[in-house]
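Here the structure comes first, spelled out in structure tokens, and everything after it is commentary.
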DNA sequence: CGGCATTCTTGAACGTGTTCAAACCCGCTC
DNA sequence: GAGCGGGTTTGAACACGTTCAAGAATGCCG
């Protein structure tokens, strides 16, 4: 669909190739099928080492300051080997997102267990997010840099990021669990809230206030607004507006792959 | 405020320096003060040549495929000289944005002259935007890539982009001219509409439909929604929501430099 | 064991954006 | 003219992300 990338840029001799081997995304956990070898295969162990080295260096030095050479060295492999498992440095970031997301889910669990009201649940989850990502503020800008580029596998609409995006939406679906909602919205809200959280992230990235106070304030405000909007959606006075918004969302979904 | 960038990355010998000379942003047009020499100074002419070469190559080959070496050669200067005038390749893009924005203003003029209703004016201006940027779709992603990075001078909140952003808001202020509005919003709307247009841009970037039809449809829908919201804002029933939104916006403005 | 295929690994090489110290130019004053 | 000084220009050099052809390891079948 998108042309395979190397068409305008001048190349060396013979610029073929397209998809790498990429021993990735096997069905389930390792150690399931095959001839039950004890644990991870050799390649998988190497991949693991590379991810770990990368995450550690990212955390310590930031994304830009971490070179692929440093990652390779820290993982005890040759430079080219890192590229065998991760076709680009950006792709290494995906591992990072995954980790952050899992931490976020974990941090949200207590809130979701304790609170019943929409406002409290949403607020708790959003504040948990801000909490969780705080240690990475110094380099998280990068998320958006390539996230906005349609050609980058990191943008949330790229197939490669589909899982992580849908996991994000899932979390917001949990936020809505047990909450009374206008039924026209029930379907749309998880994706909308996920988008909203991306907006907060964008604000957060630009926020250099101490302790990220401004982002926290913003979360309080916007959660109020969002919850108000959701509740107002039931009001018959707003029916025409609601119709418009739903029509827009329907169109939006045609554009993407949207499940 | 933001540390001057070269603190973690390993450097060659002596990594001092901070601000370049950058013979830029003189008060008015050239040829005003000084001993009235005919026209542009030598340096200004060189700078001009570099911009022109860059824009042409960007248009022809896209941003990534255009190398600084190619720009320099096309401008008839040495590589290093391009960096004397533009501290980075990104900064060259700014010249491009400027050009696009001026084209957008020009394309909007007829609409603003002819239409009186808010919906028509906003719709016309937004469609004009989509029209104007269409030729650059193949590489405009880059706008957002660095636009989202707080450290990049291209992000709209960076001082270096302040002028171009405020020019954008100005255009939307024109859209509102002669339109009846809830006066609480009058102040906020230009910036909000500009933000809205950025959102559309983001959609547009990801839109690979033929003739960018989907974006156009999106514009129609969202303009409807936006106009509805503005009109509803006057409704007393929504006063509490309105108050919340305004409080949020106030907070938002503290964060930025916002005029 | 000997071949063969597949997966994994290597490191040199390429092209890129960017930096820097040294030169060049040009108008000025002695 | 000689010397000075600041704006301008140069091109080599650097570090980086990425590619690639070639080589090891490993597994598999006879």
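If you go through region B:34-67 and pick out every residue that is within 14 Å of chain A (Cβ to nearest Cβ), modelled with pLDDT of 95 or more and within 14 Å of DNA strand D (Cβ to nearest atom), you end up with 1. Checked against (1) closer than 26 Å to residue A:228 by Cα; (2) facing another protein chain (nearest Cβ under 10 Å); (3) within 22 Å of the chain's Cα centre (by Cα), residue B:206 meets all criteria but (1). Evaluating residue B:196 against the criteria (1) away from every other protein chain (no Cβ under 13 Å); (2) touching a residue at least 24 places away in the same chain (Cβ under 8 Å) leaves one unmet condition, (1). Evaluation of residue A:115 against the conditions (1) within 16 Å of DNA strand C (Cβ to nearest atom); (2) more than 23 Å from the chain's Cα centre (by Cα); (3) crowded, with 16+ Cβ neighbours inside 10 Å shows that the sole unmet condition is (1).
Being within 9 Å of another protein chain (Cβ to nearest Cβ), surrounded by fewer than 18 Cβ atoms within 10 Å (Cβ to Cβ) and in a helix (DSSP H, G or I) is the requirement here; does residue A:247 meet it? Break it down into steps so the answer makes sense when it comes.
Numbers: within 9 Å of another protein chain (Cβ to nearest Cβ): yes; surrounded by fewer than 18 Cβ atoms within 10 Å (Cβ to Cβ): yes; in a helix (DSSP H, G or I): yes.
Criteria met by residue A:247.
Taken over region B:71-86, the residue count meeting the criterion of being more than 9 Å from DNA strand D (Cβ to nearest atom) and either surrounded by 16 or more Cβ atoms within 10 Å (Cβ to Cβ) or at positive phi (or both) is 3. In the condition set (1) part of a loop (DSSP other than H, G, I, E, B); (2) in contact with a helix residue (DSSP H, G or I) (Cβ under 7 Å, 6 or more places away or on another chain), residue A:178 is compliant with all but (2).
Determine which member of the set B:252, B:176, B:238 is crowded, with 18+ Cβ neighbours inside 10 Å, over 20 Å from residue A:199 (Cβ atoms) and within 11 Å of another protein chain (Cβ to nearest Cβ). One residue alone meets the criteria, B:238.
When residue A:45 is tested against the conditions (1) free of Cβ contacts under 8 Å to residues at least 24 places away in the same chain; (2) within 16 Å of DNA strand C (Cβ to nearest atom); (3) under 26 Å from residue A:204 (Cα atoms), the lone failure is (3).
Exactly one residue out of B:54, B:65 is within 13 Å of DNA strand C (Cβ to nearest atom) and in a helix (DSSP H, G or I), and it is B:54.
Screening residue A:102 against (1) within 13 Å of the chain's Cα centre (by Cα); (2) closer than 30 Å to residue A:178 by Cα; (3) touching a residue at least 12 places away in the same chain (Cβ under 8 Å) leaves a single unmet condition, (3). Look at residue B:102 and say whether it is surrounded by fewer than 19 Cβ atoms within 10 Å (Cβ to Cβ), within 28 Å of residue B:194 (Cβ to Cβ) and within 8 Å of DNA strand C (Cβ to nearest atom). No: the conditions fail for residue B:102.
The values are calculated or read from the model by the stated rules, or taken from the named source; none is laboratory data. Just so it is clear, the model here is predicted, and its values are computed rather than measured. Glycine gets a Cβ as well: all are built from the backbone with ideal geometry, and neighbour counts include every protein chain shown.
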